[in-house]
Amino acid sequence: MNKIKLIYEGKAKKVYETDDSTLAIFEYKDSLTAFNAQKKDTMQGKGRLTNLISATFLKLLQDKGIPTHFVKLLDDNHQLVKRLKIIPLEVVVRNTSTGSLCKRLGVEEGLDLVPPLVEFYLKNDELGDPLVTEDHIRAFGFASKPQVEKMKELSLKVNEILHKFLSKKGIKLVDFKLEFGMDDEGNIFVADEISPDTCRFWDMTSKERLDKDRFRKDLGNVLEAYEEIWRRIADWEKSCSAEYRANILVYLKEGVLDTQGKAVLSSLYSLGYDEVKNVRVGKYIKITLTSPSQEDAASRIKEMCEDLLVNDLIEEYSFELEEI
Ligand code: 5GP
């Protein structure tokens with residue numbers, strides 16, 4: 001998959017058109033911005049970390065049944081994603097009071113918010129992404145009522161999945177921002193990124209900030225904090241990988257001359273098995289592999305069949321997968 005044309009350049013990413021009109025390539029940049037880009041810096045290696053962290057979270061969510069735009073990781077700074085029409089809203093979920101919530105309402109920082117708060121912000125840099133109510137969204141058509149309901153439902157599910165996952169890694173998920181997009185059929189997907197740039201992560205015991213607040217508040221060691229998040233979650237795929245066995249059957253397409261089948265048929269006749277009508281000879285291939293999910297294993301086996309195991313001019317295949 002190749003980058004064809006730059007479609008959009010944002011503060012932290014570039015988005016490219018590809019040779020498939022339904023897919024785009026995200027390039028994660030090394031730049032860091034805060035307060036609507038009034039504060040800027042560049043940190044070498046930051047794009048790699050946000051790319052890898054975001055890919056891991058999006059894969060985890062996908063594995064748990066959340067539709068996301070993520071297709072696959074291409075390299076350290078690039079990932080392939082579905083091309084979507086972005087809904088012009090940011091959805092923020094908060095488990096703990098901090099940031100703009102405390103500033104806006106004058107409430108104490110660090111309060112547990114149970115149930116979590118879900119807020120909508122209008123994506124508009126000129127206006128500084130203002131908070132909007134569901135009535136504003138409806139009145140000005142920023143999204144439909146079913147879309148708002150779906151975004152809320154998905155955001156709370158994402159919160160549950162990430163909260164549970166991160167707790168095991170000693171990380172408190174304080175709050176985060178999501179964006180959503182639609183495909184041509186109107187299906188809603190989690191889009192954009194999920195990383196220390198878009199979430200607040202606190203170390204569970206020391207309460208040390210492991211996210212962009214280190215940059216916003218000049219706390220130093222920004223890259224080290226992002227590295228620490230990556231270090232704690234990087235083994236996710238390995239730790240949840242299972243072993244699968246694929247039983248693959250490769251056989252000649254109907255109508256293709258099967259000389260081996262003919263030879264077996266004539267031997268059977270010569271031994272007196274006259275009731276046999278037809279014989280087709282195929283091959284049976286057993287492959288054992290590790291994979292993070294059954295879906296992923298099936299897609300890898302399909303790729304293997306198409307790349308190497310089947311001559312698609314004359315052969316067809318089918319396979320069954322079992323978890324060992
Ligand atoms: P707050 O509203 O407290 O500034 O942010 C709440 C959460 O959403 C934080 O995790 C913050 O990183 C994220 N967030 C809110 N708006 C934006 C935004 O425009 N860009 C990014 N990268 N994150 C945001």
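The values are calculated or read from the model by the stated rules, or taken from the named source; none is laboratory data. What you see is a predicted model, and the numbers here were worked out from it, not measured in a lab. Don't worry about glycine lacking a Cβ; one is built from the backbone with ideal geometry, like all the others, and counts go over all protein chains shown.
What pairs come out if I take residues in segment 110-128 that are at pLDDT 95 or above and pair them with residues that are part of a helix (DSSP H, G or I) whose C-beta lies under 6 Å away, six or more apart or interchain?
What qualifies is PRO116/ASN159; VAL118/LYS152; VAL118/SER155.
Residues that are closer than 30 Å to SER167 by Cα and either within 14 Å of the ligand (Cβ to nearest atom) or of a type in the set (Lys, Arg) (or both): find the helices (runs of 4 or more DSSP H) completely inside segment 29-147 holding 3 or more of those.
The qualifying helices (runs of 4 or more DSSP H) are 46-63, 99-105.
Among the numbered conditions (1) buried (at least 17 other Cβ atoms within 10 Å of the Cβ); (2) closer than 17 Å to GLU193 by Cα; (3) of a type in the set (Gly, Ala, Ser), tell me where GLY45 comes up short.
(1)
Return the pair list, or none, for Cβ contacts closer than 6 Å from residues in segment 309-324 that are farther than 15 Å from GLY255 by Cβ to residues that are in a loop (DSSP other than H, G, I, E, B) and hydrophobic (A, V, I, L, M, F, W, C), at least 6 apart or on different chains.
TYR317/VAL310
What number of residues within segment 1-19 satisfy the criterion of being in contact with a strand residue (DSSP E or B) (Cβ under 9 Å, 6 or more places away or on another chain), assigned to a loop (DSSP other than H, G, I, E, B), more than 16 Å from the ligand (Cβ to nearest atom) and not β-branched (Val, Ile, Thr)?
Going through segment 1-19 one residue at a time, the tally reaches 3.
Assess whether GLU316 counts as being charged (D, E, K, R), surrounded by 15 or more Cβ atoms within 10 Å (Cβ to Cβ) and in a strand (DSSP E or B).
Yes, satisfied.
I'm trying to understand the selection: among the residues of segment 1-22, which are within 16 Å of LEU73 (Cα to Cα) and exposed (fewer than 12 other Cβ atoms within 10 Å of the Cβ)?
ASN2
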